[in-house]
Amino acid sequence: MFPKPIEKSSEALQRTYKAILPIALFIWLLPLLAVMLTSIRSAGDINAGNYWGWPTEFNLINNYTDIFLNSKIGLYILNSFKVTIPTVLLTLTISCLTGYALAIYRFRVNMFLFFVFIAGNFVPFQILMVPVRDLSLQLGLYDTTTGLVLFHSAFQTGFCTLFMRNFMKALPFELIESARIDGISEFKIFRYIVLPLVRPALAALAVLIFTFIWNDYFWATVLVQGDHALPVTAGLQSLNGQWISQWQLVSAGSIIAAFPPVILFFLLQRHFIAGLTLGATKG
Amino acid sequence: MAVASYKNHKTFWHRNRIAITPWLFLLPGLFMFLIYVILPIFQSIWISFYEWDGLSPKNYVGFENYLELIDDENFYTSLKNNIIWLILYMLAVPVGLFIALFLNQTVTGIRIYKSLFFFPFVLSQIVVGLVFTWFYNPANGIFAIILGFFGVEAPSILGNEDYVTYGIIAAGLWPQIAYCMILFLTGLNNVSPDQVEAGRLDNAKGWKMLWYIILPQLRPATFIAIVVTVIGALRSFDLISIMTQGGPYGSSRVLAYYMYETALSEYGYRMGYGATIATILFLIMMVYITFFLWRMYQQEKEGA
C-alpha cells in the first residue's frame, strides 16, 4: 500500500492525520455547507446581511415548502424524472444489444463500429446542436420530454456500448460456445446466459446515466422551451432569474435539484464508482 | 426429434445465423446513433457553408463563414479562453492525485471521507455554478469574507474581465478534482503490494517511491484522468451559462458558449456561423479523439 499506512507511523503523526481529515473535508465542502446553511435562513437574515452568522431562526420547512408552492420546481423535477428514467431504460436495452454484438461476434467491421461508438461519445455537443434541434422540430419532438429521451439515449449509447462490450468480452467465451453446441438459439444465449451475468454492469451504468442525464443542462436548453417539459437544471436557471438575491430560495432550490442523484449515489456508491473508474485499473 | 427437424431446415437463416445475428443486435443502437450523432456531425459541417437563420431557405456562401471567423475578435477571445481552460483544468490531475494519496489510508471512517470528498462530482454543474456565484459575491460571499479577514478587499471576480475566466475555472475544478481523485484511488487500490515492498527493501521512499514505483502503475488511471479532463475543459458550457452568460462584455466566452450564443440566443439565429464555430471546436476535439482511439487500438491489438 502506498503511501505507507499511517498505523505504522508515530502516535503523533497518526493524531495529526486524524485531526487534519475533518478540517480538510470542511474546507473542501465549504461552498456546499454554506448553501445548506443559507437554505434554512429566513428572508430577514438575508436582508440584514446575516449570511454567515448563526441563523436567528430556522426556516427549513418554510423555505422548502415555499419553493414548492410558489414556483414550478415540482413540475421541473417531475419533468426531469420523465426524461431520466426512460433514458436509462432505453439506453441500457440498446447498449446491451450492441455491446453483445461487438463482444461476441467476429465480423469484418466490428472494430470499426466499436471505434465509431467511442469517438461519437467524445464529440462536442455543439457540433450536433443545430441538426439535432432541426430534426426534433421536424419530428414534432421539439419542446417535449420524448425528444430529450431519444437524443440522450442515442448519445449515451456510445459510452454504454464501450462499457458493455468490454464487460462482456471479459466473460468466459466457453459458456457461449458450449451453449451453441447444445443448439440454443443466439437470442436465447443472450437472454438467459449473458444477461444474468452482466447485472453488475447494468447497475453501474444505470446509476451513472441517471446522474449524467439528470444533471444535463445544455440539451435541456436547446431542445426544450416551455415549462411543461423543462427539466430541473434548466428550470433552476430560470428561477435564479426570478429569485434575484433571495439566496435562501436559490439555495433551497439547488439542494432539491441535486437531491435525487445524490441519494442514488450514496445508496449505490459501489456501482457508481465501478462504472466511473472503468479502465482506470487495466490497460 | 428437435435436432432432426433443425437439421432438415437448412434455410438461408440457419446457414447464415452467425453472420446475420450481430447485425440484428446492432440494428437499434446503430440506427439511433447514426441519426442523432454521426449524421449531425456531417450536417453541421455542411451547414457551416451556408447562411441560415433556421427557418428560411439556406443560402450557400462557400467559405465566407470561415473567412468571417478569421476576423472575428470574439472568436479569438473564446479560443484563448478555451486554451486557458485546457491548461488550468489539467491541475485537476495532480491535485486529484494528491488528495487520493492523502486519503489512501485505512483509519476508521475513511470510506465516508472518500465519498464526501467525491461528492461535488455528483452535483449538477448548474448547482456548482450557483454555489460559486454566491461564493464570489463581492458584498457578502465567503470569498470576500476570507479575504476581508486578511484585510484585503475582494474584487468582483465574476464582474472583472481579467479574473472572470479563472473564477469559473476554479468552480469547474472542484468537481473535476473529485473525479480525478476517485480514478486515482481506484488505481492505488490495485497497485501491486509486492512491488511496493520490493521498493521499500531497496530503500525507495516518498517521492522516489511515488515516481519510480507508484506512478508507472497508475498509468491507466492517469491516462483516463487526462482524457476526461481534456474533454471536460473543451465541453465547458454550463458553468459559463449559469455564472456569467459569457460576460462581462463576452470576456468569459469559450467556443462552446460562443457557438450557442451565435446560433440560438437573442443575439441572433445565425445557424451557419454557429456551425462554423462548432466545426472548429470539433476539429480541436478530433485531435484528442484520434489520440485516444489510437491508444485503444494498440491495446486491442495486444489483447487479441
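Every number in this text was worked out from the coordinates using simple rules, so none of it is lab data. These figures come from a predicted structure and were not determined experimentally. Backbone-built Cβ (ideal geometry, glycine too); neighbour counts: all protein chains shown.
All Cα-Cα separations within segment A:1-153 were binned at 5 Å from zero, giving a P(r) of 2, 7, 8, 9, 10, 8, 9, 10, 12, 11, 8, 4, 2, 1, 0, each value a whole percent of the pairs. Pair-distance distribution of segment A:83-139: all C-alpha pairs, bin width 5 Å, starting at 0; shares per bin in whole percent are 4, 14, 15, 19, 24, 14, 8, 2.
Averaged across the residues of A:111-122, what count of C-beta atoms belonging to other chains lies within 10 Å of each residue's C-beta?
Mean shielding count: 6.
Note on chain A: Cα-only Rg and Dmax are 23.9, 78 Å. Taken residue by residue and averaged, Cβ atoms of other chains lying within 10 Å of the Cβ of B:295-301 number 3. Springs between Cα atoms under 10 Å define the GNM used for chain A, and in it the highest mean-square fluctuation of A:Ala229, A:Ala19, A:Ala258 occurs at A:Ala19.
Under unit Cβ charges (Lys, Arg +1; Asp, Glu -1), what dipole magnitude, rounded to 20 debye, does the protein assembly as shown have relative to its Cα centre?
In total the dipole reaches around 2480 debye.
Calculated on the alpha-carbon coordinates, the convex hull of segment A:115-156 measures out at 67 cubic angstrom per residue.
Comparing B:Leu158, B:Leu79, B:Leu26 in a Gaussian network model of chain B (Cα springs below 10 Å), the most mobile by mean-square fluctuation is B:Leu26.
Our compactness index for segment A:210-270, the C-alpha radius of gyration over the empirical 2.2 N^0.38 Å, is 1.22.
From the helices alone, meaning DSSP H stretches of at least four residues, give me the mean residue ellipticity at 222 nm for chain A, per-run term -39500 (n - 2.57), in deg cm²/dmol to the nearest 500. Before the final figure, lay out each step's value.
Working: 14 runs with 198 residues, N = 283.
Result for chain A, helices only: -22500 deg cm²/dmol.
Which pairs in the list A:Lys72/B:Lys58; A:Lys82/B:Lys58; B:Lys80/B:Lys208; A:Lys8/B:Lys208; B:Lys114/B:Lys208 are over 31 Å apart, alpha-carbon to alpha-carbon? Pairs exceeding 31 Å: A:Lys72/B:Lys58; A:Lys82/B:Lys58; B:Lys80/B:Lys208. Working note: Karplus 6.51/-1.76/1.60 with θ = phi - 60° gives segment B:98-107 the couplings 4, 5, 4, 5, 4, 8, 7, 10, 10, 5 Hz, where Gly and Pro are set to x.
What translational diffusion coefficient, in µm²/s and rounded to a whole number, does the Stokes-Einstein relation yield for segment A:104-261 at 37 °C and a viscosity of 0.692 mPa s, taking the hydrodynamic radius as the Kirkwood radius over Cα pairs?
Answer from the Stokes-Einstein relation: 175 µm²/s.
Going by Cα centres, segment B:227-281 and segment B:37-109 are how many Å apart? So the separation of the two Cα centres works out to 7 Å. Choose one answer from A:Gly226, A:Gly235, A:Gly74: the residue with the largest mean-square fluctuation in a GNM of chain A with alpha-carbon springs under 10 Å. It is A:Gly226. If R0 is 35 Å, what FRET efficiency do you get for A:Met36 and B:Val95 from their C-beta distance, rounded to 0.05? The computed FRET efficiency comes out at 0.90.
Derived value for segment B:72-303: Kirkwood hydrodynamic radius 19.9 Å. Basis is the mean of 1/r over every pair of different alpha-carbon atoms.
Taking each DSSP H run with n ≥ 4 as -39500 (n - 2.57) and averaging over every residue of chain B yields -21000 deg cm²/dmol at 222 nm. 3J(HN,Hα) along segment B:119-129: 2, x, 5, 6, 6, 5, 4, 5, 5, 4, x Hz, from the Karplus curve 6.51 cos²θ - 1.76 cosθ + 1.60 with θ = phi - 60°, whole Hz, x for Gly and Pro.
For segment A:147-167, the residues whose amide N sits under 17 Å from a probe point set 7 Å from the Cα of A:Met111 along the beta carbon direction are A:166. Once each of the trypsin sites (Lys or Arg not before Pro) sitting in a DSSP loop with at most 16 other beta-carbon atoms within 10 Å is removed, chain A keeps A:109-281 as its longest stretch.
Using only the alpha carbon atoms of the protein assembly as shown, find the Kirkwood hydrodynamic radius as the inverse mean reciprocal pair distance, in angstroms to one decimal.
Answer for the protein assembly as shown: a Kirkwood hydrodynamic radius of 26.0 Å.
For the residues of B:111-122, the average number of beta carbons from a partner chain within 10 Å of their own beta carbon is 5.
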